[in-house]
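K.L.:
Just passing along the structure, written as C-alpha coordinates.
The values are calculated or read from the model by the stated rules, or taken from the named source; none is laboratory data. Since we're looking at a predicted model, the values are computed, not measured. Here the Cβ positions follow ideal geometry from the backbone for every residue, glycine too, while neighbour counts run over all protein chains shown.
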Amino acid sequence: MSKNWTDEGIAKLTGLRLEGRTWEEVANELEVSPNCARKAFYRYCRDDAEPKGRKLAPKILILDIETAPIEAYVWGLFDQNIGLDMVKTHTTVLSWSAKWRGDDKVMYRDLRNSKDVRDDKELVRIIRDLLDEADVVVTQNGKKFDIKKLNYRFVQHGLTPPSTFKHIDTLQIARSKFGFDSNKLAHLTATLCTKHKKLTHAKFPGFMLWKECLKGNLEAWKEMQQYNEVDVLSLEELYFNHFMAWDDSTNFSAYSDSFKFRCNCGNDELTLLKGKYHTTKKSRFQLYRCSNPTCGKIHRDSQNLFSKERRSELKV
(Lines give C-alpha, C1' and ligand atoms only; values in the text may rest on other atoms or scores of the structure.)
Protein backbone atom coordinates (compact mmCIF):
# COMPACT_ATOMS: atom_id res chain seq x y z
CA MET A 1 0.00 0.00 0.00
CA SER A 2 1.51 3.36 -1.03
CA LYS A 3 1.11 6.59 0.94
CA ASN A 4 1.82 10.28 0.38
CA TRP A 5 3.76 11.17 3.49
CA THR A 6 3.05 14.48 5.24
CA ASP A 7 5.22 16.08 7.91
CA GLU A 8 2.69 14.89 10.48
CA GLY A 9 2.88 11.33 9.18
CA ILE A 10 6.67 11.36 9.20
CA ALA A 11 6.70 12.71 12.77
CA LYS A 12 4.31 9.96 13.88
CA LEU A 13 6.42 7.34 12.12
CA THR A 14 9.54 8.64 13.86
CA GLY A 15 7.82 8.64 17.27
CA LEU A 16 6.57 5.08 16.88
CA ARG A 17 10.04 3.81 16.00
CA LEU A 18 11.59 5.68 18.92
CA GLU A 19 9.13 3.83 21.16
CA GLY A 20 10.69 0.61 19.95
CA ARG A 21 7.62 -0.58 18.01
CA THR A 22 8.05 -3.35 15.44
CA TRP A 23 7.48 -2.59 11.76
CA GLU A 24 4.21 -4.54 11.91
CA GLU A 25 2.99 -2.47 14.85
CA VAL A 26 4.05 0.77 13.14
CA ALA A 27 2.31 -0.28 9.91
CA ASN A 28 -0.95 -1.11 11.70
CA GLU A 29 -0.92 2.23 13.50
CA LEU A 30 -0.35 4.18 10.26
CA GLU A 31 -2.56 1.92 8.13
CA VAL A 32 0.17 1.09 5.63
CA SER A 33 2.15 -2.04 4.79
CA PRO A 34 5.29 -2.85 6.86
CA ASN A 35 7.40 -2.45 3.74
CA CYS A 36 5.93 1.01 3.06
CA ALA A 37 6.63 2.13 6.63
CA ARG A 38 10.17 0.80 6.54
CA LYS A 39 11.00 2.53 3.24
CA ALA A 40 9.53 5.83 4.43
CA PHE A 41 11.51 5.71 7.64
CA TYR A 42 14.84 5.24 5.87
CA ARG A 43 13.95 7.84 3.25
CA TYR A 44 12.60 10.69 5.38
CA CYS A 45 13.70 10.29 8.99
CA ARG A 46 16.86 11.85 10.44
CA ASP A 47 19.82 10.05 11.97
CA ASP A 48 18.64 10.93 15.49
CA ALA A 49 15.31 9.21 14.83
CA GLU A 50 16.68 5.71 15.07
CA PRO A 51 14.85 3.18 17.26
CA LYS A 52 16.13 2.59 20.77
CA GLY A 53 18.13 -0.59 21.26
CA ARG A 54 19.26 -0.61 17.62
CA LYS A 55 22.03 -2.93 16.62
CA LEU A 56 25.28 -0.95 16.40
CA ALA A 57 27.58 -3.68 15.09
CA PRO A 58 27.46 -7.25 13.82
CA LYS A 59 28.10 -10.15 16.18
CA ILE A 60 31.40 -11.57 14.94
CA LEU A 61 32.49 -15.06 15.99
CA ILE A 62 36.08 -16.22 15.54
CA LEU A 63 36.12 -20.02 15.40
CA ASP A 64 38.45 -23.02 15.21
CA ILE A 65 37.68 -26.72 15.64
CA GLU A 66 39.76 -29.87 16.06
CA THR A 67 38.47 -33.21 14.84
CA ALA A 68 39.27 -36.79 15.78
CA PRO A 69 40.75 -38.87 12.93
CA ILE A 70 39.06 -41.65 10.99
CA GLU A 71 40.12 -45.06 12.29
CA ALA A 72 40.38 -47.79 9.69
CA TYR A 73 41.84 -51.26 8.99
CA VAL A 74 44.62 -51.12 6.40
CA TRP A 75 47.25 -53.46 4.95
CA GLY A 76 49.83 -50.86 4.02
CA LEU A 77 51.25 -47.43 4.81
CA PHE A 78 51.36 -45.82 1.36
CA ASP A 79 48.79 -44.96 -1.30
CA GLN A 80 45.92 -46.91 0.25
CA ASN A 81 42.34 -47.08 -1.05
CA ILE A 82 40.17 -47.47 2.05
CA GLY A 83 36.66 -48.82 1.55
CA LEU A 84 33.77 -47.92 3.82
CA ASP A 85 33.69 -51.46 5.18
CA MET A 86 37.29 -50.93 6.35
CA VAL A 87 36.41 -47.90 8.47
CA LYS A 88 36.16 -48.58 12.17
CA THR A 89 35.29 -45.04 13.37
CA HIS A 90 34.29 -42.01 11.33
CA THR A 91 35.26 -38.35 11.90
CA THR A 92 33.95 -36.64 15.03
CA VAL A 93 34.62 -33.24 16.64
CA LEU A 94 37.16 -33.43 19.43
CA SER A 95 37.21 -29.82 20.62
CA TRP A 96 36.43 -26.26 19.58
CA SER A 97 37.45 -22.79 20.60
CA ALA A 98 35.60 -19.57 19.80
CA LYS A 99 35.59 -15.90 20.71
CA TRP A 100 33.18 -13.03 20.18
CA ARG A 101 34.87 -9.97 18.71
CA GLY A 102 34.98 -7.30 21.42
CA ASP A 103 34.84 -9.84 24.26
CA ASP A 104 38.10 -10.81 25.99
CA LYS A 105 36.79 -14.25 26.95
CA VAL A 106 37.87 -17.23 24.83
CA MET A 107 35.30 -20.05 24.91
CA TYR A 108 36.51 -23.64 24.77
CA ARG A 109 34.90 -27.08 24.95
CA ASP A 110 36.33 -30.58 24.57
CA LEU A 111 35.50 -34.19 25.38
CA ARG A 112 38.15 -34.93 28.01
CA ASN A 113 35.50 -35.76 30.65
CA SER A 114 33.19 -37.65 28.32
CA LYS A 115 32.51 -41.36 28.83
CA ASP A 116 32.77 -41.74 25.06
CA VAL A 117 35.30 -39.43 23.41
CA ARG A 118 33.52 -40.03 20.09
CA ASP A 119 30.14 -38.83 21.34
CA ASP A 120 30.23 -35.19 20.20
CA LYS A 121 26.49 -34.38 20.15
CA GLU A 122 26.47 -31.95 23.09
CA LEU A 123 29.79 -30.46 21.97
CA VAL A 124 28.50 -29.57 18.51
CA ARG A 125 25.08 -28.49 19.82
CA ILE A 126 26.74 -25.67 21.75
CA ILE A 127 28.77 -24.46 18.76
CA ARG A 128 25.66 -24.75 16.57
CA ASP A 129 23.89 -22.30 18.91
CA LEU A 130 26.83 -19.89 18.71
CA LEU A 131 26.77 -20.01 14.91
CA ASP A 132 23.02 -19.40 15.01
CA GLU A 133 23.66 -16.23 17.01
CA ALA A 134 26.51 -14.94 14.82
CA ASP A 135 26.17 -12.41 11.99
CA VAL A 136 29.74 -12.95 10.80
CA VAL A 137 32.08 -15.93 11.33
CA VAL A 138 35.87 -15.74 10.85
CA THR A 139 37.89 -18.92 10.25
CA GLN A 140 41.10 -20.15 8.65
CA ASN A 141 40.20 -22.71 5.96
CA GLY A 142 36.73 -22.89 7.51
CA LYS A 143 34.85 -22.82 4.22
CA LYS A 144 36.46 -26.07 3.12
CA PHE A 145 36.92 -27.72 6.52
CA ASP A 146 35.49 -26.37 9.81
CA ILE A 147 31.97 -25.39 8.75
CA LYS A 148 31.45 -28.41 6.46
CA LYS A 149 32.62 -30.78 9.20
CA LEU A 150 30.31 -29.08 11.69
CA ASN A 151 27.38 -29.26 9.25
CA TYR A 152 28.06 -32.99 8.87
CA ARG A 153 27.90 -33.46 12.63
CA PHE A 154 24.78 -31.25 12.93
CA VAL A 155 22.82 -33.31 10.43
CA GLN A 156 24.20 -36.55 11.90
CA HIS A 157 22.73 -35.62 15.30
CA GLY A 158 19.43 -34.29 13.91
CA LEU A 159 20.22 -30.65 14.71
CA THR A 160 18.64 -27.93 12.61
CA PRO A 161 20.99 -25.73 10.54
CA PRO A 162 22.11 -22.44 12.10
CA SER A 163 20.70 -19.23 10.66
CA THR A 164 22.57 -17.55 7.82
CA PHE A 165 25.86 -15.84 8.60
CA LYS A 166 28.58 -14.17 6.55
CA HIS A 167 31.68 -16.35 6.44
CA ILE A 168 35.14 -14.75 6.22
CA ASP A 169 37.95 -17.22 5.50
CA THR A 170 41.46 -15.84 5.98
CA LEU A 171 42.95 -18.64 3.85
CA GLN A 172 40.92 -17.45 0.87
CA ILE A 173 41.98 -13.84 1.50
CA ALA A 174 45.64 -14.88 1.69
CA ARG A 175 45.35 -16.79 -1.59
CA SER A 176 43.46 -14.09 -3.48
CA LYS A 177 45.24 -10.95 -2.24
CA PHE A 178 48.82 -11.90 -1.39
CA GLY A 179 51.77 -14.05 -2.41
CA PHE A 180 53.00 -15.38 0.94
CA ASP A 181 55.51 -18.24 0.79
CA SER A 182 52.91 -20.27 2.67
CA ASN A 183 49.25 -19.59 3.43
CA LYS A 184 49.21 -21.74 6.56
CA LEU A 185 48.09 -20.01 9.74
CA ALA A 186 51.45 -20.76 11.38
CA HIS A 187 53.36 -18.86 8.69
CA LEU A 188 50.85 -16.00 8.37
CA THR A 189 50.78 -15.30 12.11
CA ALA A 190 54.56 -15.74 12.49
CA THR A 191 55.06 -13.20 9.69
CA LEU A 192 52.44 -10.60 10.66
CA CYS A 193 51.21 -10.99 14.25
CA THR A 194 53.04 -9.51 17.23
CA LYS A 195 50.83 -10.46 20.18
CA HIS A 196 49.55 -13.93 19.29
CA LYS A 197 51.25 -16.43 17.00
CA LYS A 198 50.04 -19.95 16.26
CA LEU A 199 51.70 -22.36 18.69
CA THR A 200 53.86 -25.32 17.82
CA HIS A 201 53.15 -28.51 19.74
CA ALA A 202 55.31 -28.84 22.84
CA LYS A 203 55.31 -32.18 24.67
CA PHE A 204 53.08 -33.94 22.13
CA PRO A 205 54.30 -33.14 18.60
CA GLY A 206 52.28 -33.84 15.48
CA PHE A 207 49.71 -36.62 15.53
CA MET A 208 50.81 -37.72 19.00
CA LEU A 209 48.67 -34.94 20.52
CA TRP A 210 45.47 -36.31 18.96
CA LYS A 211 46.46 -39.89 19.80
CA GLU A 212 47.08 -39.09 23.46
CA CYS A 213 43.84 -37.10 23.75
CA LEU A 214 41.89 -40.08 22.44
CA LYS A 215 43.61 -42.21 25.11
CA GLY A 216 42.45 -39.77 27.83
CA ASN A 217 45.84 -38.22 28.65
CA LEU A 218 44.99 -35.06 30.62
CA GLU A 219 48.34 -33.42 29.87
CA ALA A 220 47.60 -33.83 26.18
CA TRP A 221 44.14 -32.34 26.64
CA LYS A 222 45.67 -29.28 28.38
CA GLU A 223 48.02 -28.82 25.43
CA MET A 224 45.13 -29.26 22.99
CA GLN A 225 43.19 -26.52 24.80
CA GLN A 226 46.11 -24.09 24.72
CA TYR A 227 46.75 -24.92 21.05
CA ASN A 228 43.07 -24.44 20.14
CA GLU A 229 42.60 -21.19 22.09
CA VAL A 230 45.75 -19.53 20.71
CA ASP A 231 44.61 -20.48 17.19
CA VAL A 232 41.53 -18.31 17.76
CA LEU A 233 43.47 -15.40 19.29
CA SER A 234 46.08 -15.40 16.52
CA LEU A 235 43.35 -15.70 13.87
CA GLU A 236 41.54 -12.68 15.32
CA GLU A 237 44.75 -10.62 15.28
CA LEU A 238 45.58 -11.75 11.75
CA TYR A 239 42.23 -10.72 10.28
CA PHE A 240 41.37 -7.55 12.21
CA ASN A 241 44.90 -6.11 12.43
CA HIS A 242 46.22 -7.10 9.02
CA PHE A 243 43.73 -8.58 6.54
CA MET A 244 40.54 -6.59 7.17
CA ALA A 245 41.63 -3.51 5.19
CA TRP A 246 42.30 -5.79 2.19
CA ASP A 247 39.02 -7.70 2.42
CA ASP A 248 36.20 -6.33 0.26
CA SER A 249 33.79 -9.21 0.88
CA THR A 250 31.96 -7.74 3.87
CA ASN A 251 30.53 -4.34 4.77
CA PHE A 252 30.16 -4.38 8.55
CA SER A 253 28.30 -1.06 8.44
CA ALA A 254 25.39 -2.78 6.66
CA TYR A 255 24.68 -4.78 9.84
CA SER A 256 23.93 -1.61 11.81
CA ASP A 257 20.67 0.35 11.82
CA SER A 258 22.70 3.52 12.23
CA PHE A 259 22.46 6.05 9.41
CA LYS A 260 26.10 7.01 9.92
CA PHE A 261 28.61 5.00 7.91
CA ARG A 262 31.42 3.30 9.79
CA CYS A 263 34.44 1.49 8.43
CA ASN A 264 34.85 -2.15 9.41
CA CYS A 265 37.46 -1.01 11.93
CA GLY A 266 34.80 1.14 13.67
CA ASN A 267 36.12 4.51 12.50
CA ASP A 268 33.49 6.89 11.09
CA GLU A 269 35.81 9.40 9.40
CA LEU A 270 36.68 8.96 5.71
CA THR A 271 39.08 10.92 3.52
CA LEU A 272 37.92 11.83 0.03
CA LEU A 273 40.33 10.57 -2.64
CA LYS A 274 40.14 13.40 -5.16
CA GLY A 275 40.21 12.22 -8.74
CA LYS A 276 40.04 8.54 -7.72
CA TYR A 277 37.03 6.49 -8.71
CA HIS A 278 35.77 2.94 -8.93
CA THR A 279 34.81 2.68 -12.58
CA THR A 280 32.82 -0.06 -14.29
CA LYS A 281 31.61 -0.32 -17.88
CA LYS A 282 28.71 2.06 -17.27
CA SER A 283 29.29 3.49 -13.79
CA ARG A 284 31.66 5.68 -11.81
CA PHE A 285 31.76 5.88 -8.01
CA GLN A 286 33.76 8.21 -5.76
CA LEU A 287 36.46 6.52 -3.63
CA TYR A 288 37.27 7.23 0.03
CA ARG A 289 39.93 5.99 2.44
CA CYS A 290 39.39 5.24 6.12
CA SER A 291 41.26 7.92 8.08
CA ASN A 292 42.35 5.43 10.75
CA PRO A 293 46.13 5.13 10.06
CA THR A 294 46.19 1.49 11.18
CA CYS A 295 43.39 0.62 8.74
CA GLY A 296 43.28 2.70 5.54
CA LYS A 297 40.56 0.56 3.98
CA ILE A 298 39.17 1.85 0.68
CA HIS A 299 35.42 2.49 0.40
CA ARG A 300 33.31 3.67 -2.51
CA ASP A 301 30.14 5.72 -2.65
CA SER A 302 26.90 4.03 -3.72
CA GLN A 303 25.81 6.92 -5.96
CA ASN A 304 26.65 6.55 -9.63
CA LEU A 305 28.31 9.77 -10.85
CA PHE A 306 27.25 9.12 -14.44
CA SER A 307 23.92 10.65 -15.36
CA LYS A 308 21.19 8.62 -16.99
CA GLU A 309 21.97 10.33 -20.31
CA ARG A 310 25.70 9.52 -20.01
CA ARG A 311 24.93 5.88 -19.22
CA SER A 312 22.65 5.62 -22.23
CA GLU A 313 25.42 6.95 -24.50
CA LEU A 314 28.06 4.51 -23.29
CA LYS A 315 28.53 1.45 -25.48
CA VAL A 316 29.49 -1.91 -23.99
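K.L.:
If we scan the range 70-86, do we find a residue that is modelled with pLDDT of 85 or more and surrounded by 15 or more Cβ atoms within 10 Å (Cβ to Cβ)? Talk me through it step by step, then tell me what you get.
P.N.:
From the range 70-86, those modelled with pLDDT of 85 or more are 70-86; that's our starting set.
In the following step, the residues that additionally are surrounded by 15 or more Cβ atoms within 10 Å (Cβ to Cβ) were identified as 72.
Checking the range 70-86: at least one residue is modelled with pLDDT of 85 or more and surrounded by 15 or more Cβ atoms within 10 Å (Cβ to Cβ).
K.L.:
Let me ask another. For residue 80, state whether it is more than 24 Å from residue 227 (Cβ to Cβ), in the same structural domain as residue 218 (by TED's automatic domain parsing) and of a type in the set (S, T, N, Q).
P.N.:
yes
One line per residue, one yes/no per condition, for (1) more than 30 Å from residue 211 (Cβ to Cβ); (2) not basic (Lys, Arg):
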| residue | (1), (2) |
| --- | --- |
| 225 | no, yes |
| 233 | no, yes |
| 236 | no, yes |
| 241 | yes, yes |
| 250 | yes, yes |
| 256 | yes, yes |
| 260 | yes, no |
| 264 | yes, yes |
| 278 | yes, yes |
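K.L.:
How about the range 280-303: which of its residues are surrounded by 15 or more Cβ atoms within 10 Å (Cβ to Cβ), part of a loop (DSSP other than H, G, I, E, B) and without any contact (Cβ under 8 Å) to a residue 24 or more places away in the chain?
P.N.:
Matches in the range 280-303: 301 only.
K.L.:
Kindly evaluate residue 246 against the criterion of being of a type in the set (Phe, Trp, Tyr), surrounded by fewer than 18 Cβ atoms within 10 Å (Cβ to Cβ), within 30 Å of residue 100 (Cβ to Cβ) and touching a residue at least 12 places away in the same chain (Cβ under 8 Å).
P.N.:
Considered against the rule, which asks whether it is of a type in the set (Phe, Trp, Tyr), surrounded by fewer than 18 Cβ atoms within 10 Å (Cβ to Cβ), within 30 Å of residue 100 (Cβ to Cβ) and touching a residue at least 12 places away in the same chain (Cβ under 8 Å), residue 246 comes out as yes.
K.L.:
Could you list all residues from the range 7-40 that are at pLDDT below 80 and at positive phi?
P.N.:
Residue satisfying the conditions is 20 alone.
K.L.:
Name the single residue, out of those in the range 185-238 being over 26 Å from residue 59 (Cα atoms) and β-branched (Val, Ile, Thr), that is nearest to the chain's Cα centre (by Cα).
P.N.:
Once the filter is applied, the top-ranked residue is 191.
K.L.:
Can you pull out every residue in the range 165-207 that is touching a helix residue (DSSP H, G or I) at 6+ places or on another chain (Cβ under 7 Å), surrounded by fewer than 18 Cβ atoms within 10 Å (Cβ to Cβ) and polar (S, T, N, Q)?
P.N.:
183
K.L.:
Among (1) exposed (fewer than 14 other Cβ atoms within 10 Å of the Cβ); (2) within 27 Å of residue 165 (Cα to Cα); (3) at pLDDT 85 or above, where does residue 307 come up short?
P.N.:
Here residue 307 meets the rest and fails (2).
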